[in-house]
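J.: Starting off with a structure, shown below.
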Amino acid sequence: MKSLDDNIGMLKGVGDRKVAVLKSLGINTISDLLYYFPFRYEDLIVKSLDEIIDQEKTVISGVVASDPIVSRFGYKKSRLNVRLLVENESVMVTFFNQPWLKDKFTTGQEVQVYGKWDQIRRSLTGMKVLNLNEDQDVDSVYSVNKNIRQSTLKALIKQGFDEYIELIEESLPDNIIEKYKLVTERELIKGMHFPDSVEETENARRTAKFREFFLFECGMQNIKNIDQAKKSGISLKYDQKIINELISQLPFELTNDQTKVINEILDNMKSSSHMNRLLQGDVGSGKTIVATIALFAAVTGGYQAALMVPTEILAEQHFEKISQMLEPLNVSIDLLVGSLTLKQRKQKIEDLSTGKTNIVIGTHALIQADVNYKNLGFIVIDEQHRFGVGQRRTLRQKGKNPDILAMTATPIPRTLAITTYGDMSLSVIKELPKGRLPVETYWLRSNKLDQLYKFIDKELKTDSQVFVVTPLISESENIDLKNAEEIFDNFQKIYSNKKVAILHGKMTTQEKDTIMNDFKNQQVDILVSTTVIEVGVDIPNASVMVIFDANRFGLSQLHQLRGRVGRGSKQSYCILIADPKNEVAIERMRIMTETNDGFVLAQKDLELRGQGDLLGNQQSGLPNFSVGNPVTDFNVLQTAQQEAQVIFEMDPNLDNPDHKMIKSYLLKKMQIEGNFD
Ligand code: ADP
Ligand code: MG
């Protein structure tokens, strides 16, 4: 019997290789395929030449006026040139790296080509040749990778659609479809993939957004129900006296905000209700010490505690600092990361299960199946937006309903936090430690690097240290990205009397450690790095952050990177190197130079993203939705939340047959992300 859960390999022409490629896009089953929606649409209505504006992507229609010529150069590279007669004007159309399109051009025949118009040259960079028999006004565009073509994916979706669409059932209750004038689930799938008109896509998208938000909010309601069923959390009896001692021994005085949030957290740990708290504080506001005190409190109350972070570098750094503070107090702390010898790992795991280790710090290595805790009572998740719901939950399941503190530098508005993270309490640090000077930010175009080098020279003379961040390393195919190694070589040449080092994600933990330590001990002056240093790294003596190809980063990510400097008492600088090509990108650079306020930046980031800016989606601190944008579509999100609430109030176990699909969706999701209990 056919089922939507059939493996994608059931489709004709899908062998092992394609199964693997599709898997990398997150498509495993027929259902995944049908719900793999396009991320944008192209307008395929033919325009006349004087309607088209410069650089616009559009369709032109003409008669082939010359034989197509293919010239090949380099490995896998080619150019196809063909002249078209369009409204009595001869237009050159050029396709890059699609030599097979040659067969589509026969002199004297009419063709329609989609591409990007160059107003000055009056030529078109062709992207595809349309099929004249299909009368289509809009075309869907999918996010694909280099192993699969748009056309191949589209053909598969068509095949899946034709063979399986009858099996699609309604996930939204009828009354909701009626109330909000949505389309049916089948119409939604048809309209998303194969719309005949712009109107059809719009209706499908509106429904798809609602559906996506609604199912998400049903998931939230479900979690809430389960939490309430479990009711009480741990009531921790920590030792306030030793905690005060620890605080009094710190090398600095806590800020008022730090003290305030520590009290909020400790109160919550003490109470018998379960803690699920989000700590927001801008980069450099001192969240680590807050976490450390809470971790210590848990240990004084007789529990184990865990701190999970997204990168090994950060785990290592936290481990060192926290050990330094807590080991004199007889707390046993361990580090658990991915790259350990079997023997080391075995020992560490054993120490956790026997309770010998009090506090463990690590990456997602903490949530592997064979890692068990004796009595995990408290969890901190640093840079929480880097983890998925499933990962957070898995860690939680390692204990008996442990209290949770999630930390982030990305300030999202409270209403949004609640709709996307469910019922979380919020603690906020607004002030930075005393004596911090705001980082000065400048934007340079890449033809002005001389100025950069002079500036760095000057800074190095004052014993400052410099971070240089590059977007990708040389394995990347993206030739227009300056890669880390090239920049590293370059810096080595220019600063031949200084110590320059390189750091990237492909290095082993040990290599990374050595370099970070050298940098910390000022044996390295300039550290060229990929974004592995993006979050959390704390080296107060570094005072210059140079970011190459800054326009490749989202605002929140730039702010995180900039936050690596300005952590000491020195004046620090952030230099953005970028040649932005469009308005939004220029605006982003401008905003960076104008404000240091993470909250303002986050708002701007979300606003700009609302204007179709896809950069920085991952860094926003929000869950990823495939169709809806929780900021620009906030009202839809809120409506979806209300409707989900109504359903769970009436039918908490989803026994009503109308809610069958919601239930099966949630059950499936739990299977993938791990059970709740
Ligand atoms: P973040 O909130 O970005 O995680 P960190 O916790 O890494 O920030 O703290 C940034 C730096 O500020 C660290 O070097 C830390 O030791 C220092 N710091 C934290 N709190 C204070 C304080 N109250 N006074 C002075 N320095 C502090
Ligand atoms: Mg931090």
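J.: With N set to the residue count of region 457-606, report its C-alpha Rg divided by 2.2 N^0.38 Å to two decimal places.
T.: Here the answer is 1.02, to two decimals.
J.: Right, another one. Stick to Cα atoms and the Kirkwood definition of Rh, then tell me Rg/Rh for region 45-135.
T.: 0.95
J.: What FRET efficiency comes out for the pair Ser569/Asn521, r = Cβ-Cβ distance, R0 = 25 Å, nearest 0.05?
T.: In this case the efficiency is close to 0.85.
J.: What does the highest-first list of 485-498, 201-214 look like by mean Cβ count within 10 Å?
T.: 201-214, 485-498
J.: Another question, then. Give me the distance in nm between label points sitting 7 Å out from Cα along the Cα-to-Cβ direction at Lys506 and Asp16, one decimal.
T.: Between Lys506 and Asp16, the simple spin-label model gives 2.7 nm.
J.: Where does helix 509-520 land angle-wise versus the long Cα axis of the chain, in degrees 0 to 90, nearest 10?
T.: Orientation of helix 509-520: about 70 degrees from the principal axis.
J.: Okay, moving on. Run the reach check for Lys270 against lysines, Cα to Cα strictly under 23 Å, same-chain hits fewer than 8 apart removed. What comes back?
T.: Leaving aside lysines fewer than 8 places away in the same chain, those within reach of Lys270 are Lys224, Lys230, Lys231, Lys237, Lys241, Lys260, Lys287, Lys374, Lys398, Lys400.
J.: With r defined as the distance between the Cβ atoms of Trp100 and Glu350 and R0 fixed at 45 Å, what FRET efficiency is calculated, to the nearest 0.05?
T.: The pair Trp100/Glu350 has a calculated efficiency of 0.15.
J.: Can you tell me which of 12-18, 500-506 comes out highest on packing, and rank the rest after it, using the mean Cβ neighbours within 10 Å? List each step's numbers first, then the result.
T.: Details: 12-18: 11.3, 500-506: 19.0.
The most tightly packed comes first, giving 500-506, 12-18.
J.: Something else about it: Ignoring ligands, DNA and RNA, how do Glu169, Glu383 rank by accessible area with a 1.4 Å probe, largest first? Each step should come with its number before you reach the end.
T.: Working: Glu169 85, Glu383 10 Å².
Largest accessible area first, the list is Glu169, Glu383.
J.: Enumerate the amide H contacts of Trp443 below 5 Å, restricted to partners 5 or more residues apart or on another chain; note that Pro and chain-start residues carry no placed amide H.
T.: Leu576
J.: Quick check on the chain: of the DSSP beta bridges with both residues there, what percent are antiparallel, nearest 5%? List each step's numbers first, then the result.
T.: Details: 33 of 86 bridges.
Roughly 40 percent of the beta bridges in the chain run antiparallel, per DSSP.
J.: Can you pull the percent of region 102-144's accessible area that's carbon plus sulfur, 1.4 Å probe, other chains left in place? The partial results should precede the final answer.
T.: On the way: 970 of 2480 Å².
Answer for region 102-144: carbon and sulfur cover 39 percent of the accessible area.
J.: Amide H neighbours of Leu503 under 5 Å, counting only residues 5+ apart in sequence or on other chains, H built in-plane at 1.01 Å?
T.: Val528, Ser529, Thr530
J.: A further question on this structure: Taking a temperature of 10 °C and a viscosity of 1.306 mPa s, what whole-number D in µm²/s does Stokes-Einstein yield for the chain with Rh from Kirkwood over alpha carbon pairs?
T.: 56
J.: A further question on this structure: Given the Cα-Cα distance of Gln159 and Asn541 and 0.36 nm per residue of separation, how much length would full extension add, in nm? Mind dumping the intermediate values first?
T.: Numbers: separation 382, 0.36 × 382 = 137.52 nm, distance 5.91 nm.
Once the chain is fully extended between Gln159 and Asn541, it gains 131.6 nm.
J.: Taking 0.36 nm per residue of separation and subtracting the Cα-Cα distance, what length does fully extending Ser496 through Tyr442 add?
T.: Here the answer is 16.9 nm.
J.: Something else: Spelling out what I want: for every residue of region 273-279, take phi, set θ = phi - 60°, compute 6.51 cos²θ - 1.76 cosθ + 1.60 (Karplus), and round to whole Hz; glycine and proline get x.
T.: Result, rounded to whole Hz: 7, 5, 9, 9, 10, 9, 9.
J.: In what sequence, largest accessible area first, do Ile120, Ile168 appear using a 1.4 Å probe?
T.: I get Ile120, Ile168, largest accessible area first.
J.: While we're here: Please compare each pair in Lys18/Lys102; Lys77/Lys104; Lys430/Lys458 to a cut-off of 30 Å on the Cα-Cα distance and tell me which ones are over it.
T.: Lys430/Lys458
J.: Let me ask something else. Apply the Karplus curve 6.51 cos²θ - 1.76 cosθ + 1.60, θ = phi - 60°, to the phi angles in region 530-542 and return the couplings in whole Hz, x for Gly and Pro.
T.: Karplus-based 3J(HN,Hα) across region 530-542 equals 7, 6, 4, 8, 3, 10, x, 4, 10, 10, x, 6, 6 Hz.
J.: Give me the distance in nm between label points sitting 7 Å out from Cα along the Cα-to-Cβ direction at Lys581 and Ser248, one decimal.
T.: About 6.3 nm, to one decimal.
J.: Past the 26 Å Cα-Cα mark, which pairs from Lys57/Lys581; Lys434/Lys498; Lys512/Lys581; Lys498/Lys581? Show your work: numbers first, answer last.
T.: Details: Lys57/Lys581 16 Å; Lys434/Lys498 32 Å; Lys512/Lys581 35 Å; Lys498/Lys581 34 Å.
Lys434/Lys498; Lys512/Lys581; Lys498/Lys581, as the Cα separations exceed 26 Å there.
J.: Report the full-extension gain for the segment Glu649 to Asp5: residue separation times 0.36 nm, less the Cα-Cα distance, to one decimal in nm.
T.: Working it through step by step, the gained length comes to 228.8 nm.
The values are calculated or read from the model by the stated rules, or taken from the named source; none is laboratory data. Note that the coordinates shown come from a computational prediction; the quantities given were computed from them, not determined experimentally. Here Cβ is always computed from backbone atoms with ideal geometry, including for glycine, and neighbour counts include all displayed protein chains. Quick note on the areas: whole protein, heavy atoms, side chains included, nothing else; ligands and nucleic acids left out. Shrake-Rupley method; radii C 1.70, N 1.55, O 1.52, S 1.80 Å.
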